[in-house]
Structures are given as structure tokens and as C-alpha cells.
Amino acid sequence: MSDDPVSVTRRDVVRTGGVLGGSSLLGVVGTASAGTTTRVVEVAAEFAVDAPEDVRLRTLHVDGAPPYRVATDDGLLVSDPYGPLTAADRSLLDDAAFVVRDAVGVAASGDRLATTLTARDETVRRLPRRLAPDYRAAYAVRLAAPLDVRVPSVTRVGEAARVTLGSDRYRVPPGETLTLERPERTVTVERRTVREADGASGLAADTGDPAALADVPPAVETGTAELHTAVTPVVRVRNLGRLTVEHGRR
Amino acid sequence: MADTTPNFDLLAGEFGRRPRAAVFLYPADDAVYDEWVDDGPVAEAVVDGLDQFVEYGALGGYAAFTLAESEPFVADDGGAEYDDATKAAFVDAFEAYTERHPELCGARGLHYGVAGGFDGGGGFSADELDELAFSTNCRMVVGTASEDAARVEAFTKQELGHALVSYRHLAETSVLVENGSHMHEHDTGVVYPSGEVSPMAVTYHDSHAAHGPCGNGRLHFRGYNPNYTDCTKMAVKRTAEAVFGGEG
């Protein structure tokens with residue numbers, strides 16, 4: 001959490017349109033239309049981390065199904081049958097006139113659906129450095145100490161999304177993406193340290209099959225250290241407009 | 001913590017020829033061991049994946065091991081939530097477990113946790129030469145919660161691929177990857193004409209499978225293909241050459 005999250009001001013605002021490359025082939029087996037439509041707004045944040053060239057940060061990646069896949073050209077939103085949405089989430093998706101997806105991938109609440117996303121503080125342990133096209137975190141830097149960040153509130157005004165962050169308000173029409181560069185923060189992140197191993201195999205002599213294991217060399221020794229550095233949060237709000245909801249089946 | 005040092009059993013492989021890699025499987029609990037590791041889909045996927053790299057010439061040899069007697073490495077709340085953050089929590093839990101057993105994870109290779117509480121995979125990004133199974137004690141986890149053997153096999157191979165490919169070196173030496181993060185390792189996967197997705201493109205069939213120099217533009221998803229693409233195999237070969245100086 002910044003010292004005074006309400007008073008922070010935007011440094012830059014960039015609006016872009018048509019950023020989604022739509023596809024008619026979502027690749028979800030056995031989709032069945034629920035026959036409902038909803039307006040969808042996605043919210044995510046990524047963090048630019050300052051680090052010297054020779055410093056390697058500890059980063060994590062995770063692979064798995066996204067909550068849903070979107071084809072804007074075809075006006076479709078298809079929930080992934082292996083994704084994180086619960087049955088209740090899917091019902092909400094069917095019934096809601098307006099859905100906001102918080103896909104930062106670091107929030108305690110994950111990327112659950114909500115009819116509105118209200119401004120709140122989130123304590124995070126990992127900072128996404130880059131977002132995948134579907135707003136999943138491509139990889140994240142691990143923090144040495146938790147950080148509180150503020151998530152914007154998003155509400156509907158007609159077909160547009162109204163975004164409130166601190167004292168600033170923005171309007172995001174369908175098909176547009178709002179990018180907000182937030183004030184720099186100072187954080188402590190984990191970094192990797194590396195030291196060449198100098199001994200025999202790291203395996204104990206009496207483990208497993210010694211004959212088979214003997215040739216496995218020791219690893220390059222890595223450790224963890226801390227780096228105090230600056231990060232710049234970038235908040236992205238994407239109004240996907242009105243989409244037809246379908247649910248994928250396994 | 002167990003009173004005695006857990007032992008690994010040799011699963012498969014001939015480790016003599018270089019370039020070579022070792023993989024150590026750590027089942028999260030007895031149920032995971034019985035269903036997925038002991039003659040199960042995860043173990044079979046690891047061996048088949050490594051065999052593919054050997055057959056292609058990317059690896060000269062390998063050794064795969066299983067940890068039969070294991071204490072659970074997943075925290076009590078493992079699997080309670082089902083999102084990306086929780087997958088990362090599995091990575092954290094597995095890291096903590098391996099650090100309690102330096103006698104095990106001091107060995108060079110992929111130290112691979114197999115858990116039941118989530119669907120997917122994850123790990124410390126193998127996006128540097130010193131983060132690879134070829135040189136360090138690279139740590140990844142795979143989840144079996146889908147109970148879908150073909151999907152679990154696919155994710156098992158995807159994380160294995162991450163542990164053996166360095167995007168950063170590829171950016172310097174080959175046309176496979178121009179630049180970017182480990183996500184470009186997913187670019188080496190495709191959706192085959194049959195609609196089956198190759199291991200590195202699982203869950204990325206509508207994104208990474210469609211672009212990059214290896215993509216073929218096909219997006220339909222009709223299941224899983226157990227075979228890595230030649231593009232993925234070449235990526236492993238180039239990475240191994242970089243680590244071992246072309247000599248293995």
C-alpha cells in the first residue's frame with residue numbers, strides 16, 4: 001500500500017483501441033451456448049521493476065487454464081472447463097449485466113468474477129512483470145516482504161466502464177483499453193545469487209541407487225538475497241463490450 | 001519432517017552420454033505416488049519426453065528418479081483455492097520442502113514436485129542459463145487435479161520443457177525466439193492439423209501456438225498430442241549446446 005493511496009495521481013494515461021486480436025476458433029471442446037450476453041471489463045496490473053543488468057530476480061511462472069477465452073470478432077466469451085471459475089461464477093456470468101474480471105493473478109481473491117469491482121487494498125507477495133494477451137500473469141517477481149496495492153473500482157455507465165483510482169476518474173468505452181502508469185513505489189524483491197559448487201555430488205552416498213546416482217553432478221549453488229528497488233505499477237482496464245456467454249465442457 | 005533421509009529409486013535412463021539431464025520426481029503424498037507416479041502418467045510422461053529429446057539428438061542421456069517414500073510437501077491449504085496465485089503457492093511449498101532436504105535437491109537436475117491440489121504447472125522460471133536443469137537444481141511442480149491423464153501428461157511435459165530451454169540464449173543464437181520472456185518457450189508449441197495441441201502450447205492454443213516462428217496458425221483444440229514439436233526439440237538442443245559448449 002502506498003503511504004497515501006488516495007492522493008496519488010496518474011503520471012500518464014494512454015488509450016488504445018482494438019487491441020484484441022479476435023479469433024473465431026477458441027479451441028474449447030464442446031462449448032454450449034447459454035444464450036446470454038454480458039458486458040465484460042478486464043482489470044489487471046503489471047509492474048515495471050528496476051534492476052541492474054547483472055542482477056537476476058527470482059521469478060515464478062504458472063501455467064494453467066484461464067477463466068475464459070474471448071473472441072471479440074465473434075462476440076464470444078467461453079468459460080474454460082478447466083479454468084478457475086466455479087459453478088457460482090458461471091451462474092454469475094450468465095446473470096450479470098456487467099462483469100469485471102480482476103486478473104492480476106496476485107490478489108488474494110484471485111481472478112474471480114464480480115458484478116462490480118470496488119476500490120480496495122490487496123496484499124500481494126508476487127508482482128507480475130508482464131501480462132499475457134489474456135491478462136494472465138506471464139511471470140512474477142517474488143517479494144521479500146508483502147506489498148499493499150490499490151485496485152481501482154469499476155462500474156458501468158451505459159456501455160462504458162467508469163474507472164476510479166484514487167481521486168482520478170476515467171471512462172472506458174467498449175473496445176478500448178485504459179492504461180494508467182501509477183507513481184513509483186519502493187519495494188524489496190528477491191534476487192538470485194549464484195555460486196559455483198566445488199564438491200562432490202549433492203546427493204548423500206546412501207540415497208537411492210548409489211551406482212546410478214554417482215554420476216549426477218552437484219548443482220550450481222543458488223541462493224536468495226534481497227534487492228531494494230523501485231517499481232512502477234501499470235494498471236490496464238480493457239472494456240471488451242457485450243459478449244455472448246458460452247460454457248466449455250470437458 | 002521424516003526421521004530418515006528419503007531415497008530415490010531409479011526410474012529409467014542411461015546417464016552416461018552427454019549432454020544429459022536428471023529428473024527427480026517428488027510425489028506430494030502416497031495417493032499421488034500410487035496414481036500418478038508409480039507406473040503412472042507423470043512418470044511415463046517424463047520418460048517419454050526425455051526419450052523424445054534423446055531420439056532427436058538434443059540429449060545424449062538422462063536419468064529419471066522417483067522418491068517413493070515422501071512426506072507431503074503441500075501446505076494444509078493447498079488446493080483450497082484454485083487460481084494462479086495458489087499454483088504459485090504450490091511452488092513455494094515445494095521449494096520449502098526441497099530446502100529441508102539439501103541432501104536431495106543438491107543434485108543437478110529438475111526437481112519435480114507432483115501434487116494433487118491444482119490443475120496446471122509452475123516453477124521458478126528457467127529463463128537464464130543458470131536456472132536450467134542442465135546446471136542447477138531447477139524446481140517445478142505439476143498438478144494432477146484435472147484427473148485427466150492426457151492433460152496431466154501434457155502439463156508434465158510442458159514444465160519439463162521449461163526446465164530444459166533457455167529463451168535468453170535462444171535469443172542470441174537462433175531464429176527460434178527473437179526476444180522476450182520464458183513465455184516464448186510456449187511459442188515452440190503448435191496445434192497439429194489434427195487439432196491436438198503439443199505439450200508446450202497446452203492452454204496456449206489460442207495464443208502462443210498461433211504465433212512465433214514455429215506457429216502454424218491453427219487454433220482448433222481437439223485434445224492433446226504427446227509429442228514435442230521439432231521446434232521444441234531444437235530449442236532443447238540449442239540450450240544444451242550452450243550449456244555444455246557444444247561438447248556435451
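For labels at A:Arg130 and A:Glu181 in the simple 7 Å Cα→Cβ model, what's the distance in nm?
1.9 nm
On average, how many beta carbons from a partner chain sit within 10 Å of the beta carbon of a residue in A:125-134?
Counting Cβ atoms of other protein chains within 10 Å of each residue's Cβ and averaging gives 3.
Could you sort B:116-125, A:177-186 so that the peptide with the highest average Cβ count within 10 Å comes first and the rest follow in order?
B:116-125, A:177-186
In whole Hz and in residue order, list the ³J(HN,Hα) couplings for segment B:190-201 that follow from phi through the Karplus curve 6.51 cos²θ - 1.76 cosθ + 1.60, θ = phi - 60°; x for Gly and Pro.
Per residue, the Karplus-derived 3J(HN,Hα) values read 9, 9, 5, x, 6, x, 7, 9, 7, x, 6, 9 Hz.
Mind ordering A:64-76, A:238-250 by average Cβ neighbours within 10 Å, highest first?
Packing order, densest peptide first, comes out as A:64-76, A:238-250.
Per-residue mean of other chain beta-carbon atoms within 10 angstrom of the beta-carbon, peptide A:238-245?
Taking all residues of A:238-245 together, the mean is 0.
Multiply the residue gap between B:Tyr56 and B:Asp29 by 0.36 nm, knock off their C-alpha separation, and tell me the result in nm, one decimal place.
6.3 nm
Can you order the peptides B:197-205, B:95-103 by their average number of other Cβ atoms within 10 Å per residue, highest first?
Working: B:197-205: 27.3, B:95-103: 16.6.
Descending packing order for the listed peptides: B:197-205, B:95-103.
Read-outs throughout are calculated quantities, based only on the coordinates presented, and are distinct from any laboratory measurement. Remember, predicted model here, so these are calculated numbers, not experimental data. We place every Cβ from the backbone using ideal geometry, glycine too, and count neighbours over all the protein chains shown.
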